[in-house]
Structure formats: C-alpha cells, structure tokens
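Engineer: This is the structure I have questions about; it appears just below.
Every number here is computed from the coordinates shown, using simple stated rules; none is lab data. Here the structure is a predicted model, which is why all the values come from computation and not from measurement. Counting neighbours? That spans all protein chains shown, and the Cβs are built from the backbone with ideal geometry, glycine included.
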Amino acid sequence: METMRWEDGVLLLLDQTRLPGKVEYIQCRDHVTVAEAIRSLRVRGAPAIGAAAAYGLVLGVLAARPRNRQELLARAREVAEVLASTRPTAVNLTWALNRLLHKLEATPSQDTRELTELLINEAHAIYQEDREGNKRIGRYGQELVPPGARILTHCNAGALATAGYGTALGVIRAAQEAGKRVSVYASETRPLLQGARLTAWELLQENIPVTLITDNMAAYLMARGMVDLVVVGADRIASNGDVANKIGTYGLAVLAREHGVPFYVAAPLSTIDLSLDSGKDIPIEERRPEEVTHLAGIPVAPRGIKVWNPAFDITPARLITAIITDQGVARPPYRESLAGLFKA
Ligand SMILES: CSC[C@H]1O[C@H](OP(=O)(O)O)[C@H](O)[C@@H]1O
C-alpha cells in the first residue's frame, strides 16, 4: 500500500481519513490541495508529511509557470510558507521544504525547466531516502527485540506515516522478518484513532499478530506483565532527546518506567531537531474541539463543552531507553549520542 505516488505531474495521496473502510486516493494538482490534505490528516505522520510537502512545493511551482529564476524562487518561497503553516509539530515538514529551497538557492541555473526538474528529483530523493532509512531503522531496532516479544505501540508510525515500511512498525516488521514471532498491542489512540484505524489495519494486512486495546487499558496490560517493550514513532526530537509524539505517548513512557518495560522511540534523523535545546521548545499542535466531542460525526459530549485537544505531548529523555534511527541506536546521554549520529 503506497502512501503517495507521483504520476506525470500529479501527486496521488492515499486518503487516510477513509481507512480502514475505503482505500481511496486523492489527486493533487496544486499545493493548496496538498496543504488541505496535511491539515486534515488525509496524509499524516512526520516523514509522510515531509514527503507530501516536498511534492506540494513542486506542484505549486509548476502551476505558476515562472518565466525566470527570480519568479521561480519567489514562488517556491511563497508556496513553502503555505505548506509549512499546515501543522507545527512534525519537523520533517519544514525540514523537507527547506531542503528543496536550499537546493534551489545553491543551484545557479537560470533555466526554469532545469530548476523545476531539480525540485522534482529532490522530492523523489526525500521519498526514496525515507523508505530506505526505515529499513535501516528496522534492522537496528529488531536487534533490541527478544524472540516472542509482546510489543505495545501507539498511534501509527507505520508505512502509512512514512514513505513506506514505517519507523516503529518498521522495527516490528523487521523483527517479524527475522523470525522473532512478535505480537503487537495497538492502542486505539483517541481522538483520531490512528491506532485502531491505521496500525491495526496495516499489521492485519501482513498477518502480524495484533490486538487492539483502548488507550486506558495500557496500564492494566503492563501491570499484568503482558508487555515486553514499547516502541513508538516521533514527530520531533530535541537535542537533549526529549520527544514530541502523539498525545498519550508520555503516559505510556511513565507506565513503562513504573513496570520496568523498555521504552523505545524510532525515528529517522530528519525528525531530530538539534536546534532545539529541549522538549520545552517544541511547538505542540492544538486541534479542533470537534475531534474530541464527535465520533464519526456523532456527538459524544454535550454541546458547548470546553475541550482541550493537544495532538502531541512531550516524553522527557530520561524515560526513553533508546532512540532507534536510520544511522544507528542512540542511548543516553542523548545530547552527545544524537549529535554523534549526525557526524557518523
Ligand atoms: C513516523 S511519524 C508518526 C507519528 O505521527 C503521528 O501523528 P499524526 O498522525 O498526528 O501525524 C504520530 O505522532 C506518530 O507517532
């Protein structure tokens, strides 16, 4: 199942709001459609958002038919700003857009066709590198997975959240491929149910044993000794190892510490933001109240109720056993080990 596909100047995006019931692709011919898809989580997951935004930038430049380098650069910057404003937490979004802009600025060509080709190739490179990087995350991560491990994961950090294979689910896939016969508990992940709708669906598609639990069952599951490790994805990792990830992750990390369960985060280097000193500096997206007060369009809370709906929380580095990246496994102290991975 592909999260996205570039076909003759059109970006096809798998509409993840329709899963698991329907597999439907939306055709994006302009950056505004891509921006809406990111904002409404038709495409979601830090690396997938980055890749989609990169292709969205290409679409925005193509649509404007710039007559010269100057017009093309101005248009690219304008479109990047629109796409960067869609969701604040996943650093891959701005990382991908900045990578394309820097590539443009570093290329002296005056030929708009050549510059546009350059953008398309860079977007393809981001997509391809993420797929390959996730396989490496899987290889590094599966070495931490004991045979027969019962693994708890939260939200969806799978192929649907990336350009393929997944980060946290990449570790699970690699462990399964290594013959470790793992089983997975997927927490449903209120309010948008990425665990129930996406992770459960992804793993079932590949016959990886998976059991769905509600978020409030995780504590009792661990108290019953039914979890051997937790592995989750990330949307942004600060230089000290603090991790922003789907709301509910921090609670799982506290529970894992309480019950002596290893807690792993899996993410590519493109999710690590060394410019941030700690998790305090990571912007946390707050979303519409209706995501909490309604379920499939049906009200489940009284009209007018006040709602707080942060889409992410921050897990402090001290609760994280290791951070599994596409360049190797980082262990505490993270400020040194993460910086070291960039130098490798
Ligand atoms: C591999 S990154 C996946 C990451 O993104 C998810 O958030 P969202 O579904 O809101 O984009 C969640 O935090 C996952 O861990």
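Engineer: If I model region 4-134 as equal point scatterers sitting on the Cα atoms and use the Debye formula, what is log10 I(q)/I(0) at q = 0.10, 0.14, 0.16, 0.22 Å⁻¹?
Structural biologist: Normalising to I(0) and taking log10 leaves -0.28, -0.55, -0.72, -1.32.
Engineer: Do the alpha carbons of any pairs in Lys135/Lys180; Lys135/Lys246; Lys246/Lys306; Lys103/Lys280; Lys22/Lys306; Lys135/Lys343 sit beyond 25 Å of each other, and which pairs?
Structural biologist: Check vs 25 Å cut-off fails for Lys103/Lys280; Lys22/Lys306.
Engineer: Let me ask something else about it. FRET efficiency for Arg288 and Glu81, Cβ-Cβ distance as r, R0 = 22 Å, nearest 0.05?
Structural biologist: 0.45
Engineer: Still on this model: Using a basic spin-label model with each label point 7 Å from the Cα along Cα→Cβ, how many nm lie between Glu114 and Ser40?
Structural biologist: So the two model labels end up 4.0 nm from each other.
Engineer: Now, a different point. Below 11 angstrom from the Cβ of Leu11, what's the summed charge of the other residues (Lys, Arg +1; Asp, Glu -1)?
Structural biologist: The answer is -1.
Engineer: Can you give the FRET efficiency for Val254 and Arg224, using 1/(1 + (r/R0)^6), R0 = 25 Å, r = Cβ-Cβ distance, to the nearest 0.05?
Structural biologist: 0.90
Engineer: Here's another thing I want to ask about it. Under 10 Å, Cα contacts only: if you run a Gaussian network model on the chain, which one of Tyr127, Tyr140, Tyr220 comes out with the highest mean-square fluctuation?
Structural biologist: Result: Tyr220 has the largest fluctuation of those listed.
Engineer: Turning to a different aspect of this structure: Short version: ³J(HN,Hα) in whole Hz for each residue of region 52-62, in order, from phi by Karplus 6.51 cos²θ - 1.76 cosθ + 1.60 (θ = phi - 60°), x for Gly and Pro, what are they?
Structural biologist: Calculated HN-Hα couplings, in order: 5, 5, 4, 5, x, 5, 4, 4, x, 6, 4 Hz.
Engineer: Using amide H atoms built 1.01 Å from N in the peptide plane, name the residues 5+ places from Ala322, or on other chains, whose amide H lies under 5 Å from its own.
Structural biologist: Answer set, sorted by chain and number: Phe263, Val265.
Engineer: If you plug each phi of region 70-81 into the Karplus form 6.51 cos²θ - 1.76 cosθ + 1.60 with θ = phi - 60°, what whole-Hz ³J(HN,Hα) values come out, in order, with x for Gly and Pro?
Structural biologist: Rounded to whole hertz, the list is 4, 5, 5, 4, 4, 5, 4, 5, 5, 5, 4, 5.
Engineer: Okay, moving on. Specify which residue in the list Pro147, Ala161, Ala186 is farthest towards the positive end of the charge dipole of region 128-191, using unit charges on the beta carbon of Lys, Arg (+1) and Asp, Glu (-1), about the Cα centre.
Structural biologist: Pro147
Engineer: I've got another one for you. Under the 0.36 nm per residue contour assumption, what length would be gained going from the current alpha-carbon distance of Gln27 and Thr107 to full extension?
Structural biologist: Value of the extension gain: 25.8 nm.
Engineer: Continuing with this model, one more query. How big is the dipole moment of region 136-343 about its Cα centre under a simple scheme where the beta carbon of each Lys and Arg is +1, that of each Asp and Glu is -1, and everything else is neutral? Debye, nearest 20, please.
Structural biologist: Using Cβ point charges on Lys, Arg, Asp and Glu, region 136-343 gives about 260 debye.
Engineer: Using DSSP to define loop residues, name the chymotrypsin sites (Phe, Trp or Tyr not before Pro) in region 261-344 whose beta-carbon has at most 14 other beta-carbon atoms within 10 Å.
Structural biologist: Filter output for region 261-344: Trp308.
Engineer: Between Val300 and Ser278, what's the calculated FRET efficiency when r is the beta-carbon distance and R0 is 41 Å? Round to 0.05.
Structural biologist: For Val300 and Ser278, the calculated efficiency is 0.70.
Engineer: Continuing with the same structure: Sorted from largest down, what three extents in whole angstroms do the Cα atoms of region 122-277 have along their principal axes?
Structural biologist: Its Cα atoms span 47, 37, 30 Å along the three principal axes.
Engineer: How much space per residue, in cubic angstrom, does the convex hull of the C-alpha atoms of the chain take up?
Structural biologist: Taking only Cα atoms, the chain has a hull volume of 134 Å³ per residue.
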